[in-house]
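The values are calculated or read from the model by the stated rules, or taken from the named source; none is laboratory data. Note that the coordinates shown come from a computational prediction; the quantities given were computed from them, not determined experimentally. Positions of Cβ are backbone-derived with ideal geometry, glycine not excepted, and every protein chain shown enters the neighbour counts. The protein model used for the area step is the full one, side chains on, heavy atoms only, and it has no ligands, DNA or RNA in it. Shrake-Rupley method; radii C 1.70, N 1.55, O 1.52, S 1.80 Å.
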Amino acid sequence: MTDSIPPVRVRYAPSPTGIPHIGNIRTALFNWLLARNTNGQFIVRFEDTDRSRYDARSERAIFESLEWLGLDWDEGPDTGGPHAPYVQSERKQTYIDAAERLVNSGHAYYDDTTPEQLQELRERQRAAKQPPRYDGRGRHRSPEEIEESRQAGLPITIRLKVPDHGTVSFEDAVKGKISFELKEIDDFVILKSDQMPTYHLAHIVDDQAMGITHVIRADEWISSTPRHLLIHEALSIELPIYVHVPLILGKDRSKLSKRHGATSALEYRDQGYLPDAVFNFVALLGWSPGDDTEVMSRDEIVRRFSIDRINDSPAIFDNGKLEWMNGVYIRNMSVDALVGELLPFMERPESDGGLPDSVTRPIDRDYLKQLIPLVHERLKLLTEGTETLGFFFADNVNPAVEDLPGKKMDADMTERALDAALELCRGVAPFEPEHLETEYRALAENIEMKPGQLFSPIRVAITGKSFAPPLFDTMSAIGQDRCAERIEKAIHILRSAAITGS
Ligand code: GLU
């Protein structure tokens, strides 16, 4: 049980090459959970040594995703800490030193093979139907030859010497013992010709310098782990505990991609998901508390999180479940809190999913508060506020003529219903839900219609929709004059359609 493990030092080490996707966020969350569960430290480190893929927007997005989900870090690129800097491109010299140390100890060597020569080698291997791999030719270059190449301006790399037989293995905290045949692994580059380290070298040097105890990362890194074991051994440093977390698949069991919905945490934010719901949902992607509990507070998840309950098999990302969970979190919110969350979405420009631009901003907070009980149970996404509540705020609605008649009603009957509804609307007092209901039920009886038949065209006239919150609460919230105007307008719509014969 993790309760008994001492405080860990873990890191989230994204490469700033794009917007963090849900898999990255899951890695960050699991690291954060273990840190908080054990009273340890959660460290953020930018792994930006691949300058060709560097994307400056990505750094902002990494911070924003973590902040949005409430994953605070103890040390990092912006906050600093005892092992600063936390950005690999600013730690270049440490990697150069480590690589040179490995050359001096005989574990690595300088290689002047040119990209053209490597290309030619690959082509020959392809033609011979052999797997593409570096053939170790640099092992035989003398220091003088290397120096000559250096003088000639040729690219020089440093490669690790990998034994050509034998096995390496490690104990993964999730997957158990994993072994690899060394003959499958070629002498790989640890320092590139631009003096930047490869990921393999850099993360190990940093993990050691930063005192990382557990490496929690996606299981796509398992195939690189034998390389990492060799570097640890060559540098005589202790292995961290490896925790490779399972793949995330879509419901159709294919690799998670755009097809399955949003892929970045920030997209979820923009689509109206609550950070607490996404936090809870992502925590369950590959971990479970050991029983069927699904909806859990942050504190509960922190308390119950343990490595031994991380699953070995792929996690399935079910968007429907996330939406359901978001609905649960919305229902559990106070009206005040929900108003605070809904407002920014409803106040977006109309073209961006907000209320019609004709509705004055800021939106009337108290009015919104009064409306929440009518829709609280039904909302699943914060973006739904506009659609579900828009007609309360709009100056008018535009019901489609074909939506006005209720079941088994023709145009005449619909008009009769609306005429009677209008008359009552103008005179009824007080304009309160219960009283309205009594009066409108009595009206249905008077004009010999079923209540549903009378209510249906009224609902469409007032809201523009066939499905809306309870009718009389809605009418009362919209107010007597505006209701009368809307019913009148619907009658006009019906009449003009009758005249034009459509
Ligand atoms: N920079 C790597 C990535 O972005 C980190 C892998 C690791 O956690 O070791 O996936």
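When segment 214-239 is limited to residues that are near the ligand (Cβ under 10 Å from one of its atoms) and within 18 Å of residue 44 (Cα to Cα), the one that is surrounded by the most Cβ atoms within 10 Å (Cβ to Cβ) turns out to be 216. Exactly one residue out of 322, 371, 338 is touching a residue at least 24 places away in the same chain (Cβ under 8 Å), within 20 Å of the chain's Cα centre (by Cα) and open to solvent by less than 80 Å² (accessible area, probe 1.4 Å): that is 322.
So for segment 65-80 (the condition being among the β-branched types (Val, Ile, Thr) and surrounded by 16 or more Cβ atoms within 10 Å (Cβ to Cβ)), does at least one residue qualify? Within segment 65-80 (the criterion being among the β-branched types (Val, Ile, Thr) and surrounded by 16 or more Cβ atoms within 10 Å (Cβ to Cβ)), the answer is no, since none of the residues qualifies. Determine whether residue 129 is touching an Asp or Glu at 6+ places or on another chain (Cβ under 8 Å) and open to solvent by 60 Å² or more (accessible area, probe 1.4 Å). Answer is no for this residue. In this entry, residue 355 is excluded by the filter for residues that are more than 30 Å from residue 414 (Cβ to Cβ), open to solvent by less than 60 Å² (accessible area, probe 1.4 Å) and either in contact with a strand residue (DSSP E or B) (Cβ under 8 Å, 6 or more places away or on another chain) or without any contact (Cβ under 8 Å) to a residue 60 or more places away in the chain (or both). Looking only at residues of segment 9-22 that are open to solvent by 10 Å² or more (accessible area, probe 1.4 Å) and more than 9 Å from the ligand (Cβ to nearest atom), we find that the one that is nearest to the chain's Cα centre (by Cα) is 21. The residue that is nearest to residue 260 (Cα to Cα), among those in segment 325-335 that are open to solvent by 60 Å² or more (accessible area, probe 1.4 Å) and not basic (Lys, Arg), is 332.
The strands (runs of 3 or more DSSP E) falling completely within segment 140-213 that include 1 or more residues that are within 16 Å of the ligand (Cβ to nearest atom), open to solvent by less than 40 Å² (accessible area, probe 1.4 Å) and of a type outside the set (S, T, N, Q) map to 167-172, 176-181, 189-191.
Looking only at residues that are within 11 Å of the ligand (Cβ to nearest atom) and open to solvent by less than 20 Å² (accessible area, probe 1.4 Å) in segment 31-55, which one is nearest to residue 82 (Cα to Cα)?
Taking segment 31-55 and keeping what is within 11 Å of the ligand (Cβ to nearest atom), we get 31, 45-50, 53.
Then keep just the ones that are open to solvent by less than 20 Å² (accessible area, probe 1.4 Å); that gives 31, 45-49.
Details: 31: 19, 45: 13, 46: 16, 47: 18, 48: 20, 49: 21 Å.
If we take residues in segment 31-55 being within 11 Å of the ligand (Cβ to nearest atom) and open to solvent by less than 20 Å² (accessible area, probe 1.4 Å), then 45 is nearest to residue 82 (Cα to Cα).
Selection of first residues in segment 212-233 that are closer than 22 Å to residue 181 by Cβ and of second residues that are open to solvent by 20 Å² or more (accessible area, probe 1.4 Å) and within 11 Å of the ligand (Cβ to nearest atom), restricted to Cβ pairs under 6 Å at least 6 apart or on distinct chains, gives the following pairs, ordered by first then second residue: 227/200.
Is it fair to say residue 262 is under 30 Å from residue 354 (Cα atoms), out of contact with any Asp or Glu (no Cβ under 7 Å at 6 or more places or on another chain) and either assigned to a helix (DSSP H, G or I) or open to solvent by 30 Å² or more (accessible area, probe 1.4 Å) (or both)? It is false that residue 262 is under 30 Å from residue 354 (Cα atoms), out of contact with any Asp or Glu (no Cβ under 7 Å at 6 or more places or on another chain) and either assigned to a helix (DSSP H, G or I) or open to solvent by 30 Å² or more (accessible area, probe 1.4 Å) (or both). Among the residues that make up segment 282-300, is at least one of them more than 16 Å from the ligand (Cβ to nearest atom), touching a residue at least 60 places away in the same chain (Cβ under 8 Å) and surrounded by fewer than 21 Cβ atoms within 10 Å (Cβ to Cβ)? The answer is yes, given that some residue of segment 282-300 is more than 16 Å from the ligand (Cβ to nearest atom), touching a residue at least 60 places away in the same chain (Cβ under 8 Å) and surrounded by fewer than 21 Cβ atoms within 10 Å (Cβ to Cβ). Of the conditions (1) in contact (Cβ under 8 Å) with a residue 40 or more places away in the chain; (2) in contact with a Pro (Cβ under 6 Å, 6 or more places away or on another chain), residue 350 fails just one. Which one is it? Against the list (1) in contact (Cβ under 8 Å) with a residue 40 or more places away in the chain; (2) in contact with a Pro (Cβ under 6 Å, 6 or more places away or on another chain), residue 350 comes up short only on (1). Is there a residue in segment 253-260 that is over 30 Å from residue 179 (Cβ atoms) and touching a helix residue (DSSP H, G or I) at 6+ places or on another chain (Cβ under 7 Å)? There is at least one residue in segment 253-260 that is over 30 Å from residue 179 (Cβ atoms) and touching a helix residue (DSSP H, G or I) at 6+ places or on another chain (Cβ under 7 Å).
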